[in-house]
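*Asks:* Could you have a look at this structure, given as structure tokens, before my questions?
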Amino acid sequence: MAETNEIMISLNDVRFKDILAIDELTIKSGAVTALTGPSGSGKSTLLKLFNQMITPDQGEVTFLGADLNEYDPVELRRRVMMVPQTPVMFNGTVRDNAVIGFTFAGTEPPPDTAVKEMLSRVHLQQALDEPADVLSGGEKQRLALARALLMKPDVYLLDEPTSALDDETSRGVIDAFAAHVKANGQTLVIVTHDNALAERLGDWRIKLAGGRVMTIEEGPAHG
Ligand SMILES: Nc1ncnc2c1ncn2[C@@H]1O[C@H](COP(=O)(O)OP(=O)(O)OP(=O)(O)O)[C@@H](O)[C@H]1O
């Protein structure tokens, strides 16, 4: 586990198409970083650079001090894990979908008790044997969050992860998720339009506009 405030991810002189121009940016360990900014400012694109879902045209992105190119892409994305706004569900049950990462990796899946614990952390009480395709959009988003928690990555990349939930449920889920991540010394980067969320949870708040970093603030939550 990384120490708190270690540099997990860094960008140096990064350019991506005409969408992003980032001279310098770091994501610190053990912290919640909120990425905010207007629609189209490049938040989702920046998140995708962090685990090489896209590669920059220029500049360097590092994870724990090493260029992303030095990592096996599958291993990198297991350690720096994206939870998209519209998560992919596979044919099968809630259980199958929660442990799909273990199935793909060919490793022993966690026991049902662990799966249920992670589902309840994100306020989902679904039966494990229920088919996943009948879940609502918001339930699928929470199942995807539980799936990520079970995988225990170093860094979670969340892109508007509760967009399908009402404000109150969203707040409960994200606050519980962030608390779990911090208690385990993991790192969270979250793209959000919700300024209240960024204020409440962001140890660091990075604001983008027009593909550039406008401000980096240290939040009151920090420490
Ligand atoms: N692969 C791509 N190729 C070309 N243009 C792209 C690509 N990905 C995103 N864009 C464009 O880049 C800009 C930034 O998009 P991005 O999704 O990163 O913004 P965002 O800040 O996350 O927006 P929103 O808040 O609306 O989700 C948009 O104009 C988008 O159309």
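The values are calculated or read from the model by the stated rules, or taken from the named source; none is laboratory data. Remember, it's a predicted structure, so these values are computed and weren't measured experimentally. Cβ sites come from the backbone with ideal geometry, for glycine too, and all protein chains shown count toward neighbours. These area figures cover heavy atoms from the full protein model, side chains too; ligands, DNA and RNA do not enter into them. Shrake-Rupley method; radii C 1.70, N 1.55, O 1.52, S 1.80 Å.
*Asks:* Of everything in segment 46-83, what is within 16 Å of the ligand (Cβ to nearest atom) and under 25 Å from ARG200 (Cβ atoms)? Give them in sequence order.
*Replies:* Result: LEU46, LEU47, PHE50, MET82, VAL83.
*Asks:* Do we have VAL155 as of a type outside the set (Lys, Arg), more than 16 Å from the ligand (Cβ to nearest atom) and closer than 22 Å to GLU139 by Cα here?
*Replies:* Considered against the rule, which asks whether it is of a type outside the set (Lys, Arg), more than 16 Å from the ligand (Cβ to nearest atom) and closer than 22 Å to GLU139 by Cα, VAL155 comes out as no.
*Asks:* Here's something else I'd like to know. How many of the residues making up segment 164-191 are open to solvent by less than 10 Å² (accessible area, probe 1.4 Å) and either within 16 Å of the ligand (Cβ to nearest atom) or in contact with a His (Cβ under 9 Å, 6 or more places away or on another chain) (or both)?
*Replies:* The number of residues fulfilling the criteria is 4.
*Asks:* On to the next question. Test each condition in (1) more than 16 Å from the ligand (Cβ to nearest atom); (2) open to solvent by less than 70 Å² (accessible area, probe 1.4 Å); (3) of a type in the set (S, T, N, Q) for ASN5 and report the one that comes out false.
*Replies:* Result: ASN5 passes all but (2).
*Asks:* Of all the residues that make up segment 166-181, how many are touching a Leu at 6+ places or on another chain (Cβ under 8 Å) and modelled with pLDDT of 95 or more?
*Replies:* Summing the residues that are touching a Leu at 6+ places or on another chain (Cβ under 8 Å) and modelled with pLDDT of 95 or more in segment 166-181 gives 7.
*Asks:* Could you tell me how many of the residues in segment 31-44 are within 6 Å of the ligand (Cβ to nearest atom) and in contact with a Leu (Cβ under 6 Å, 6 or more places away or on another chain)?
*Replies:* 4
Condition check ((1) within 19 Å of the chain's Cα centre (by Cα); (2) open to solvent by less than 30 Å² (accessible area, probe 1.4 Å)) across all residues:
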site: PHE50; (1), (2): yes, yes
site: ILE54; (1), (2): yes, no
site: ASN69; (1), (2): no, no
site: PHE104; (1), (2): no, no
site: PRO109; (1), (2): no, no
site: ASP112; (1), (2): no, no
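*Asks:* Which one of these does LEU201 not meet: (1) of a type outside the set (Asp, Glu); (2) in contact with a Ser or Thr (Cβ under 6 Å, 6 or more places away or on another chain); (3) open to solvent by 10 Å² or more (accessible area, probe 1.4 Å)?
*Replies:* (2)
*Asks:* OK, next. Pull up segment 114-150, narrow it to residues that are surrounded by fewer than 17 Cβ atoms within 10 Å (Cβ to Cβ) and hydrophobic (A, V, I, L, M, F, W, C), then point me to the one that is nearest to MET82 (Cα to Cα).
*Replies:* Per the stated criteria, the residue is ALA114.
*Asks:* Taking segment 24-76 only, how many residues are β-branched (Val, Ile, Thr) and within 15 Å of LEU208 (Cα to Cα)?
*Replies:* 5
*Asks:* For segment 80-100, enumerate the residues that are closer than 26 Å to GLY185 by Cα and surrounded by fewer than 18 Cβ atoms within 10 Å (Cβ to Cβ).
*Replies:* Of everything in segment 80-100, those that are closer than 26 Å to GLY185 by Cα and surrounded by fewer than 18 Cβ atoms within 10 Å (Cβ to Cβ) turn out to be PRO84, GLN85.
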